[in-house]
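Undergrad: First the structure, which I've put down as structure tokens, then a few questions once you've had a look.
The values are calculated or read from the model by the stated rules, or taken from the named source; none is laboratory data. Keep in mind it's a predicted model, so treat the numbers as computed, not measured. Cβ placement follows ideal geometry from the backbone for every residue including glycine, while neighbour counts extend to all protein chains displayed.
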Amino acid sequence: MPLTAVAIALAAAVVHAFWNLVVARARDTQAVTAVAIAVGVVAVAPLAILTWRVEPEAWPFIVASSVLELVYFWLLTTAYRRAEMSLVYPIARGMAPVIVLVVSVAVLGVTTSLAQAAGVGLVCLGIVLVRGIRGAARWSDVAMALTVAASIAAYTLVDKEGVRYADPITYVMLILIAPAIASLAFVYSRGGTARLKAALQPATVASGIATVGAYALVLVALTMAPAASVAAVREVSVVIAVALGAFFLTNESARRARPVR
């Protein structure tokens, strides 16, 4: 894996950990996520137009990725409403590269190396070390985190192919338009503009720009290296997010007890 791709994936990891912390801390995770996605799309739109390149072959991947991104955001916000970030994030982010590697080799016929497989294996070990061996987690919460991991792996594999036919900035904007509209519509239908306005905070705006920026970096890295390798390096965000979560989410359990519309 080229050092440039490693550096880009690591940068994406830092930014991604930040926006997940914002979502996890939010009282209304669905509204914050919806507003953040929309802000991110609007923020990146001018640059996407300036760098516009979308070949016809890209559109099937854009459509598929949009659906998978919408599923991912729904699963993620649901998981954060039910369980702690310190459980959901390590499992979801840590298992994703494992799934990517297995599917790439077993289904797509992609060749891999011993070093790459070992690197992904170290990510799995890292999950245990970061999360710790604790028996308090409910199996339903673990299962939810695993479904998030599966959705991450799915859109990563789709985007690995799709970004070959489009500029990464343009591509990330296009795959997030539909999830942004659908998320805003869903939240609006269950709380109106008041719920959306309440979610429109400086941290939400920053996280929206962060999430689009982070995935744009991932797409750039995917043009340089195998999907499993990029996914594995990107999941250094697990360590960053858990560290941030331990510092900022001291009252997380109390927040979970508060109702979310």
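Undergrad: Failed condition for Glu161, given (1) within 22 Å of the chain's Cα centre (by Cα); (2) modelled with pLDDT under 70, with all others met?
TA: (2)
Undergrad: Restricting the first residue to segment 214-230 and requiring it to be at negative phi and surrounded by 24 or more Cβ atoms within 10 Å (Cβ to Cβ), which pairs with a second residue that is modelled with pLDDT of 85 or more and charged (D, E, K, R) meet a Cβ separation below 6 Å and a spacing of at least six or different chains?
TA: From segment 214-230, the pairs are Leu222/Lys160; Ala227/Lys160.
Undergrad: Now for a different question. Just a yes or no: is a residue in segment 60-77 farther than 17 Å from Ser151 by Cβ, assigned to a helix (DSSP H, G or I) and modelled with pLDDT of 90 or more? Show your work before the answer.
TA: Pass one, segment 60-77, residues farther than 17 Å from Ser151 by Cβ: 60.
When the remaining residues are screened for being assigned to a helix (DSSP H, G or I), the result is 60.
Applying the additional criterion that residues be modelled with pLDDT of 90 or more yields 60.
Yes, segment 60-77 contains at least one residue that is farther than 17 Å from Ser151 by Cβ, assigned to a helix (DSSP H, G or I) and modelled with pLDDT of 90 or more.
Undergrad: Now a separate question. Determine, yes or no, whether Ala136 is modelled with pLDDT under 80, over 20 Å from Ala216 (Cβ atoms) and surrounded by fewer than 23 Cβ atoms within 10 Å (Cβ to Cβ).
TA: Working: modelled with pLDDT under 80: yes; over 20 Å from Ala216 (Cβ atoms): yes; surrounded by fewer than 23 Cβ atoms within 10 Å (Cβ to Cβ): yes.
Considered against the rule, which asks whether it is modelled with pLDDT under 80, over 20 Å from Ala216 (Cβ atoms) and surrounded by fewer than 23 Cβ atoms within 10 Å (Cβ to Cβ), Ala136 comes out as yes.
Undergrad: Right, something else. Take Ala154 and decide whether it is touching a residue at least 60 places away in the same chain (Cβ under 8 Å) and surrounded by fewer than 23 Cβ atoms within 10 Å (Cβ to Cβ).
TA: Working: touching a residue at least 60 places away in the same chain (Cβ under 8 Å): yes; surrounded by fewer than 23 Cβ atoms within 10 Å (Cβ to Cβ): yes.
Judged against the criteria, Ala154 is a match.
Undergrad: Next question. Return yes or no: is Met144 among the hydrophobic types (A, V, I, L, M, F, W, C) and either at pLDDT below 80 or under 13 Å from the mean Cα position of the chain (by Cα) (or both)?
TA: Criteria not met by Met144.
Undergrad: Go through segment 29-53 and report how many residues are buried (at least 22 other Cβ atoms within 10 Å of the Cβ) and not in a helix (DSSP H, G or I).
TA: Residues in segment 29-53 being buried (at least 22 other Cβ atoms within 10 Å of the Cβ) and not in a helix (DSSP H, G or I): 0 in total.
Undergrad: Also, I was wondering about something else. Within segment 65-99, count every residue that is under 23 Å from Gly162 (Cα atoms) and of a type in the set (Phe, Trp, Tyr).
TA: Selection size over segment 65-99: 3.
Undergrad: Report, ordered by the first and then the second residue, all pairs with beta carbons closer than 8 Å, sequence separation of six or more or different chains, a first member in segment 160-185 that is surrounded by fewer than 17 Cβ atoms within 10 Å (Cβ to Cβ) and of a type in the set (Lys, Arg), and a second member that is at pLDDT below 95 and not in a helix (DSSP H, G or I).
TA: Arg164/Thr223
Undergrad: Sticking with this structure for a sec: Within segment 84-100, can you find the residues that are surrounded by fewer than 22 Cβ atoms within 10 Å (Cβ to Cβ) and modelled with pLDDT of 80 or more?
TA: Of everything in segment 84-100, those that are surrounded by fewer than 22 Cβ atoms within 10 Å (Cβ to Cβ) and modelled with pLDDT of 80 or more turn out to be Met95, Val98, Ile99.
Undergrad: Right, another one. Of all residues in segment 154-181, which are under 16 Å from Val230 (Cβ atoms) and out of contact with any Gly (no Cβ under 9 Å at 6 or more places or on another chain)?
TA: At the first step, the residues of segment 154-181 found to be under 16 Å from Val230 (Cβ atoms) are 154-164, 168, 171-172.
Selection gives Ala154, Tyr155, Thr156, Leu157, Val158, Asp159, Lys160, Glu161, Gly162, Val163, Arg164, Pro168.
Undergrad: Separate question: In this structure, is Gly208 modelled with pLDDT under 90, small (Gly, Ala, Ser), in a helix (DSSP H, G or I) and surrounded by fewer than 23 Cβ atoms within 10 Å (Cβ to Cβ)?
TA: no
Undergrad: If you don't mind, another one. Take the residues of segment 186-200 that are without any contact (Cβ under 8 Å) to a residue 24 or more places away in the chain and at negative phi: which is surrounded by the most Cβ atoms within 10 Å (Cβ to Cβ)?
TA: Tyr188
Undergrad: Right, another one. Quick check on my filter: what residues within segment 40-68 are among the hydrophobic types (A, V, I, L, M, F, W, C) and under 21 Å from Tyr80 (Cα atoms)?
TA: Taking segment 40-68 first, the residues among the hydrophobic types (A, V, I, L, M, F, W, C) are 41-45, 47-50, 52, 54, 58-59, 61-64, 67-68.
Result: Val67, Leu68.
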